Amino acid sequence: MTLLETEKLTRAYGGVVAVNKVSFAVEEGLITGLIGPNGAGKTTLFNNITGLDVPTRGRVLFEGKDITAAPAHKICRMGIARTFQNIRLFKDLTVVENVMIGRHFKTGKSESRGRFFNAINSYIRLREEEEQIYGRACEWLDFFDMGGMKDELAKNLPYGKQRELEIARALATDPKLLFLDEPAAGMNPQETDHLMAIIRKIRDLDITVVLIEHDMKLVMSICDTITVLNYGQKLAEGTPLEIRRNQSVIEAYLGKEE
Amino acid sequence: MGVAEFFQHLMNGLTLGGIYALIALGYTMVYGILKFINFAHGDVLMAGAFIGLFVFDWLRGSAALGVWTIIAFFLAMLVSMGLSALLGMFIERVAYKPLRQATRLAPLLSAIGVSFILSNGAAWAFGTRSRKFNYPFDNTPITIAQVVITPHQILILAVSLVMMISLRLFVNRTRMGKAMRATSLDQPTAMLMGINVNKVISMTFAIGSALAAVGGILIALDFKVYASMGTMTGLKAFVAAVVGGIGNISGAMFGGILLGILETFGVAIFGIPTGLKDTIAFGVLILILLIRPEGLFGKVEKEKV
């Protein structure tokens, strides 16, 4: 089943067309890779899907609903989470506090009661709520084998752990769909292996994963399907094997033989 | 200087400082979240004072001082807080929000424009003469252990204390307060964590403006209400916010009170002529910027809004 799709999504900055009529679909339960040379429009596509940027033309559909140009916090609440190419943690908060923020909007709301009741109730039950949030945040940290680091400041973590913490925080929002923007960038081989295991574990939780990545070993070994962008346009899509043999993809990466 | 005299000046300084602190909070909260100085804040204070004055006079009618006038005063304050909050949200929506992606200078200039519109608009609508805001109670000073205190001063201390404690509770203990703290740390990331940043920003302006309205009314009781009343008071509260460390709530409270005390003591002890009183605030500003530009609470405490 298609969880998310873009219909001829175009994003132009003045005369520069960063993403050009890209129709891209994400199947539920799979790990989808989004690859392409630098400047191909991968991150722009992510930004336009997650509400940080507004498409010039085209639509974004999530579970059949049109979410084009919806604000980022609404898209997050619908169940789409993401991480960034450059790490964006709350640097001066502790590890567990970072994850707790991800649960902010998840607690203390009873659908059947009014806003006023919820506000008063959450004020009275503050400590209880904080404990719940704390508990859930710790579970996610354990998932990443980071339980022992929960009171460290985020900025003091090793680089690879900072990247994983960002993923943990994104997961704390209980997403159905998780976007990872170059999760392995700057990681050493051991860290990358750990990350690959984590991404598989995330998929096993029935969370659909889309990732941008330049590390071809990672992409080829964990992605179920791959989409290739080049100069803002979709160049190819298919299984890792098909992509590896695709002549135009090879040309885009290595140049054409004269 | 005797002990009684010391406490007398301290009392005067605390009350003046309490008002500065209330107003400084608006500057600091907005800065904490949007990293920009809302120069129209002082004029929201003026608007709040006018609203308070009109509602109070209307409610009071010709009643003599008594319980009713006190009730009327607090009702007027509440109405003024509410309307000023709406005014603050409206200004943000119209003059700042469209400029959020623009260069950092643009909203600053827009704020100065709004400031001129508000103060000149008030002069045009209500005239330039100053109006007296009558005390809602008998303001005969009382003497406690040789220190002379007016009921107005007690009112200022009580009201600013209540406001500051409520604000602290709000920021530290409510969901909206937590959302504000997260937004001040990193806006786009807060958004991706499901926090409605627009609502947080609106709320920040509403709270800051409501506090400014209270400050405006409290000042007006001593110094009357007029169209340009927000300019100098606003500037000094801004100095207080910078001295305390702009963006930091505790800093703004502390900076405001410190500034009030320095002004009173400067005149009383160092014999600075009353006419030059304003130089104290700006002298302190220059000193702080030279010695500790991040403000007194700048990096020591991390809690910001």
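The values are calculated or read from the model by the stated rules, or taken from the named source; none is laboratory data. Values in this document were obtained by computation on a predicted structure and should not be read as measured data. In this analysis, Cβ positions are derived from the backbone assuming ideal geometry, glycine residues included, and neighbour counts consider all displayed protein chains.
Screening the candidates A:VAL228, A:VAL249 for the property of being over 16 Å from A:GLU27 (Cβ atoms), of a type in the set (A, V, I, L, M) and more than 22 Å from the chain's Cα centre (by Cα) yields one hit, A:VAL249.
This table checks each residue for (1) within 11 Å of chain B (Cβ to nearest Cβ); (2) modelled with pLDDT under 85.
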residue: A:ARG57; (1), (2): no, no
residue: A:ILE67; (1), (2): no, no
residue: A:GLY79; (1), (2): yes, no
residue: A:LYS91; (1), (2): yes, yes
residue: A:LYS109; (1), (2): yes, yes
residue: A:PHE116; (1), (2): no, yes
residue: A:TYR123; (1), (2): yes, yes
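Can you confirm whether B:ILE257 is among the β-branched types (Val, Ile, Thr), touching a residue at least 12 places away in the same chain (Cβ under 8 Å) and either more than 14 Å from every other protein chain (Cβ to nearest Cβ) or in a helix (DSSP H, G or I) (or both)? Spelling it out, B:ILE257 is indeed among the β-branched types (Val, Ile, Thr), touching a residue at least 12 places away in the same chain (Cβ under 8 Å) and either more than 14 Å from every other protein chain (Cβ to nearest Cβ) or in a helix (DSSP H, G or I) (or both).
Checking each residue in the stretch A:197-234 for being touching a residue at least 24 places away in the same chain (Cβ under 8 Å), over 14 Å from A:MET187 (Cβ atoms) and of a type in the set (Asp, Glu) picks out A:ASP206, A:ASP224. Just to be sure, is A:ILE31 buried (at least 18 other Cβ atoms within 10 Å of the Cβ) and in contact with a helix residue (DSSP H, G or I) (Cβ under 6 Å, 6 or more places away or on another chain)? So A:ILE31 passes the test.
For A:ALA154, the criteria (1) surrounded by 19 or more Cβ atoms within 10 Å (Cβ to Cβ); (2) within 14 Å of another protein chain (Cβ to nearest Cβ); (3) under 13 Å from the mean Cα position of the chain (by Cα) hold in every case but one, which is (3).
For the stretch B:171-182, a residue qualifies if it is surrounded by 15 or more Cβ atoms within 10 Å (Cβ to Cβ) and either more than 7 Å from chain A (Cβ to nearest Cβ) or touching a residue at least 40 places away in the same chain (Cβ under 8 Å) (or both), and the qualifying residues are B:VAL171, B:MET176, B:GLY177, B:MET180, B:ARG181. A:ASP145 fails exactly one of the following numbered conditions: (1) crowded, with 17+ Cβ neighbours inside 10 Å; (2) farther than 20 Å from A:LYS217 by Cα. What is the number of that condition? Going through the list (1) crowded, with 17+ Cβ neighbours inside 10 Å; (2) farther than 20 Å from A:LYS217 by Cα, A:ASP145 breaks only (1). All conditions in (1) modelled with pLDDT of 85 or more; (2) within 14 Å of chain A (Cβ to nearest Cβ) hold for B:LYS132, with the sole exception of (2).
Within the option set B:ALA95, B:ALA72, being farther than 28 Å from B:VAL147 by Cα, assigned to a helix (DSSP H, G or I) and touching a Lys or Arg at 6+ places or on another chain (Cβ under 6 Å) holds for one residue only, B:ALA72.
Just checking, does the stretch B:159-170 include any residue being more than 10 Å from chain A (Cβ to nearest Cβ), buried (at least 19 other Cβ atoms within 10 Å of the Cβ) and farther than 24 Å from B:VAL79 by Cβ? Within the stretch B:159-170 (the criterion being more than 10 Å from chain A (Cβ to nearest Cβ), buried (at least 19 other Cβ atoms within 10 Å of the Cβ) and farther than 24 Å from B:VAL79 by Cβ), the answer is no, since none of the residues qualifies. Among residues of the stretch B:139-158 being more than 21 Å from B:ILE219 (Cβ to Cβ) and in contact (Cβ under 8 Å) with a residue 12 or more places away in the chain, the one that is surrounded by the most Cβ atoms within 10 Å (Cβ to Cβ) is B:VAL147.
Kindly establish whether B:LEU185 is within 14 Å of chain A (Cβ to nearest Cβ) and surrounded by 15 or more Cβ atoms within 10 Å (Cβ to Cβ). Considered against the rule, which asks whether it is within 14 Å of chain A (Cβ to nearest Cβ) and surrounded by 15 or more Cβ atoms within 10 Å (Cβ to Cβ), B:LEU185 comes out as yes.
In the stretch A:9-27, the qualifying residues are those that are assigned to a strand (DSSP E or B) and out of contact with any strand residue (DSSP E or B) (no Cβ under 8 Å at 6 or more places or on another chain), and the one that is nearest to B:LEU192 (Cα to Cα) is A:TYR13.
Return the total of residues in the stretch B:216-236 being in a loop (DSSP other than H, G, I, E, B) and on the phi < 0 side of the Ramachandran plot. Explain how you work it out, then say what you get.
Quick first cut of the stretch B:216-236, residues in a loop (DSSP other than H, G, I, E, B) only: B:224, B:226-228.
Retained after the next criterion (residues that are on the phi < 0 side of the Ramachandran plot): B:226-228.
Within the stretch B:216-236, residues that are in a loop (DSSP other than H, G, I, E, B) and on the phi < 0 side of the Ramachandran plot number 3.
How many residues does the stretch A:219-237 hold that are within 13 Å of A:ILE35 (Cβ to Cβ) and touching a strand residue (DSSP E or B) at 6+ places or on another chain (Cβ under 6 Å)? Before you say what the answer is, go through the steps one by one.
The first filter runs over the stretch A:219-237 and keeps only residues within 13 Å of A:ILE35 (Cβ to Cβ), leaving A:219-220, A:222-223, A:225-230, A:234-237.
So of that shortlist, the ones also touching a strand residue (DSSP E or B) at 6+ places or on another chain (Cβ under 6 Å) come out as A:219, A:222-223, A:225-228, A:234-237.
Residues flagged as within 13 Å of A:ILE35 (Cβ to Cβ) and touching a strand residue (DSSP E or B) at 6+ places or on another chain (Cβ under 6 Å) within the stretch A:219-237 amount to 11.
Can you find even one residue in the stretch B:237-247 that is under 29 Å from B:LEU78 (Cβ atoms), in contact (Cβ under 8 Å) with a residue 12 or more places away in the chain and assigned to a loop (DSSP other than H, G, I, E, B)? Taking every residue of the stretch B:237-247 in turn, at least one turns out to be under 29 Å from B:LEU78 (Cβ atoms), in contact (Cβ under 8 Å) with a residue 12 or more places away in the chain and assigned to a loop (DSSP other than H, G, I, E, B).
Name the single residue, out of those in the stretch A:1-27 being surrounded by 14 or more Cβ atoms within 10 Å (Cβ to Cβ) and out of contact with any Lys or Arg (no Cβ under 8 Å at 6 or more places or on another chain), that is nearest to A:GLY232 (Cα to Cα). Among them, the one singled out is A:ASN20. Within the set B:LEU10, B:LEU14, B:LEU78, the sole residue that is more than 30 Å from B:PHE265 (Cα to Cα) and surrounded by fewer than 24 Cβ atoms within 10 Å (Cβ to Cβ) turns out to be B:LEU78.
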